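Engineer: One structure, pasted below without further comment.
All of the numbers you see were taken from the coordinates with simple rules; none came from a lab. What you are looking at is a predicted structure, and each value in this text was computed from that prediction instead of being measured. All Cβ positions, glycine included, derive from the backbone under ideal geometry; neighbour counts span all protein chains shown.
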Amino acid sequence: MRSRRIKSNARKLPATTRLLPQNAHDRQSTRLRLGNYVADIVPDQYDSGIVYQWIVQRAGSSQILSQGQEATLAEALACGHRWLERLARKHKGRAAIYESRPIAS
């Protein structure tokens, strides 16, 4: 499955779109952090199966720098990590930090 990426310098997520569906309590999200940037990987359940959404942002910002979806968690992690490396090249020598947490409902 090819990535669907949206690259935007001005797109922001309105607070109302950050509300999660009721079944979100049983899902796990993963956050990659490198320098001042984060990539969140979130699974979404559809009738056809699970799709892994990834969203790259500057830490503490609601501005979306890049986003996409992948068929597997591994592909989503790889895409998110590649974007973090592109954005954080000036922070050489720093390793990415991986976090996994329940998605709050």
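Engineer: Output wanted: per-residue J couplings in Hz (rounded whole) for region 64-79, from phi through Karplus 6.51 cos²θ - 1.76 cosθ + 1.60, θ = phi - 60°, x for Gly and Pro.
Structural biologist: Each residue of region 64-79 in turn: 8, 8, 6, 7, x, 9, 9, 7, 10, 4, 4, 5, 5, 4, 5, 5 Hz.
Engineer: If we sort 71-78, 44-51 on the protection proxy, mean other Cβ atoms within 10 Å, highest first, what's the order?
Structural biologist: Values: 71-78: 15.8, 44-51: 10.0.
Result, highest mean Cβ count within 10 Å first: 71-78, 44-51.
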